[in-house]
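**Q** Just passing along the structure, written as structure tokens.
Values quoted throughout were computed directly from the atomic coordinates according to the rules given, and no laboratory measurement underlies them. Please read all numbers here as calculations on a predicted model, not as lab measurements. Here the Cβ positions follow ideal geometry from the backbone for every residue, glycine too, while neighbour counts run over all protein chains shown.
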Amino acid sequence: MFSKQTRNTRNIVLVMILFFMITLACAITPSMRSRLSEVIPTQVVPTTSSLAPVQIEESADELLVELYKKVNPSVVNITTYALQNGEIVPYIQGSGFVYDSDRDIITNAHLVQDAEQVDIIYSDGSISSASLVGDDPNSDLAVLKAERMPDGVGFLPLGEMSDLAVGQSVIAVGNPFGLEGTLTRGIISALGRSIPAINQFSIPQSIQTDAAINPGNSGGPLLNLKGEVIGVNARIQTDGLSQSNSGVGFAIPVSIIQRVVPDIIQYGKTEWSWLGVIGGDVVPSLVKAMRLPVERGAYIFSVVPGGPAEQAGIQGVNSTVDVDGRPIDIGGDVVTAIDGQQVFSFNDLMVYLAFNTRPDQEVTLSVIRDGKTREFTLKLSARPDQVNLETLP
């Protein structure tokens, strides 16, 4: 699934501006021009296998101190190397964290794609080379296998999406601007955001936070105060002039980690279900223009030629009318349910496909067309690497 590419030139410009304002939180190393500065070792606190949740009844400051001691050894600094003018040189710096006892490390796919070499720097200053196990551009997640790991470094446990709430305190640990072992604190500002992946698609259920995330934090963990990973820091939203934090950061949610990482470790990749539509939300002007019997749902703008939706008979817009002086595209189907589960927005449809389906699975869409509800059963396919948007009607 991916967001609507509107025909209106003005809206295209606005979308492009927004896309560039949501910036990848990785750091292009100055070592493209000079060497990396020496890594200053920090103390490693011995840990054992999975880190137990921190449970102390002390002041907020003491809690953070103890929490940092517990999780920091499991957070790593990642440096990738690229080929430039015939030399392998440091290219991008970011973060990651230890996922399991097999030396698997989670980070962002945008950090390691096309990297010639990858180094892992632990909190004690020791360095290990790493190989790419696999990545998934649809979720911007990748798994690295460290060649070695210092004694006593444990893996970070994962939290649960159902435990998250807006206003909940969180911390981010990573390496902003190459400053290893940095902790910042904030709250969950919003849940259920949809952020761009590193291809044409989107990442649903993303977490918005005001914890300071800057270039170099990419791939590092967003944690609750029990020391459980609830997201992977990935992007920041800026004013378009600066790449530093402005209080709006985004993390790939733990639900996506749980969905994607086991597949990457086992198969080197994962597959996502694909419906083959471009859509958006039902809005009041559309309800008025099409005289819809519902006020919410997922509106289908276009269907991809040859995709599952087109083959099943789902249709997109076919004409434009003026409503209160505004052009409104009409004629598209309105999805109100999938497999009997209500759909109130296009994001609802994306979330259901992401977490409840697999390629080659059949689903039933409840659709409003010409004021009446109809049902369409179709077989989902695997999401393609990319879609030629120029072929869309």
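**Q** Please give the peptides 223-229, 127-133 ranked by average Cβ packing (other Cβ atoms within 10 Å per residue), highest first, as a rough proxy for protection. All intermediate terms of the calculation are to be shown ahead of the outcome.
**A** Details: 223-229: 21.0, 127-133: 16.7.
The peptides rank, most packed first, as 223-229, 127-133.
**Q** Using packing as a proxy for protection, rank 283-296, 181-194 so that the peptide with the highest average count of other Cβ atoms within 10 Å comes first.
**A** 181-194, 283-296
**Q** Now, a different point. What does the charge add up to near Arg369, with Lys and Arg as +1, Asp and Glu as -1, over the other residues with Cβ less than 12 Å from its Cβ?
**A** -1
**Q** Taking amide H positions as placed 1.01 Å from N in the peptide plane, with prolines and chain starts having none, which residues 5 or more places from Ser202, or on another chain, fall under 5 Å of its amide H?
**A** Ala197
**Q** So, by mean Cβ neighbours within 10 angstrom, what's the order for 320-327, 71-78, 367-374, 266-273 with the highest one leading?
**A** On the way: 320-327: 10.5, 71-78: 26.4, 367-374: 14.1, 266-273: 15.9.
Packing proxy ranking, top to bottom: 71-78, 266-273, 367-374, 320-327.
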